[in-house]
């Protein structure tokens, strides 16, 4: 299965929890997610190296793909990179550059809705009502499972976040796909459907330089709202999400 990268969403999975895990139901999962979101909100600048590992099956170590990605933030500039796709977040717009397809997607942003953090954790509790928190040494493990009635409408049936107790940064994010996805067949002659899971490991760097870009490096908007691609992207195909 090819990991989809038209937009980078940070969500993740867990297999069997260790038998030694202590269930800490008294620890409020909303409080942990709020603290983690606050960590990313308050960091003026950081870089995160991400390793995406795709597994076939809900459990086991059958790795089918592995990719590297980078998440960066400086002030109100946010950039995510995976494979040949870059997602740029500016105060007034989001830009997605697909190098393989030679497309640039422009999505305007209401200034009141602009993200201050590249990870929106609050959205999890909207879709995953069944949850528990486990105390595992130096981290909290937040396990969230979707209601059966919503599993068919969301891509992940189960999400697990490993969050540092020290400062509440995310260590690992894991997800179970809610439906079967295509994998290469075992004999290599085609594809076959199976359940899968994606594990994303994050390594944070806080004292590194982050090179920022300007929205005008990609596109300009005239007074009449006409869009014009710029520079290296002048010959890309523009996908305008203004009316969507």
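The values are calculated or read from the model by the stated rules, or taken from the named source; none is laboratory data. Keep in mind the model is a prediction, meaning the values are calculated, not measured. Ideal geometry is used to build each Cβ from the backbone, glycine not excepted, and the neighbour counts take in all protein chains shown.
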query = Taking the stretch 195-244, which residues are part of a loop (DSSP other than H, G, I, E, B) and surrounded by 14 or more Cβ atoms within 10 Å (Cβ to Cβ)?
reply = 195, 210, 212, 218, 230, 236
task = Identify, from the list 213, 197, the residue that is more than 16 Å from residue 92 (Cβ to Cβ) and in contact (Cβ under 8 Å) with a residue 24 or more places away in the chain.
result = 197
note = The one condition residue 77 fails out of (1) under 16 Å from the mean Cα position of the chain (by Cα); (2) in contact (Cβ under 8 Å) with a residue 40 or more places away in the chain is (1)
inquiry  = Considering only the stretch 39-50, I want to know if a residue exists there that is over 16 Å from residue 208 (Cβ atoms), buried (at least 17 other Cβ atoms within 10 Å of the Cβ) and at pLDDT 90 or above.
reply    = yes
ask   = How many residues, within the stretch 56-85, are over 28 Å from residue 42 (Cβ atoms) and in a loop (DSSP other than H, G, I, E, B)?
value = 8
Residue 128 vs. criteria surrounded by 19 or more Cβ atoms within 10 Å (Cβ to Cβ), closer than 30 Å to residue 76 by Cβ and at pLDDT below 80 = yes
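Per-residue answers, yes or no, for (1) farther than 29 Å from residue 107 by Cα; (2) over 25 Å from the mean Cα position of the chain (by Cα):
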site	(1), (2)
168	yes, no
185	yes, yes
202	no, no
214	no, no
232	no, yes
ask   = Within the bounds of the stretch 108-121, is there any residue that is modelled with pLDDT of 95 or more, surrounded by 20 or more Cβ atoms within 10 Å (Cβ to Cβ), touching a helix residue (DSSP H, G or I) at 6+ places or on another chain (Cβ under 6 Å) and within 30 Å of residue 238 (Cα to Cα)?
value = no
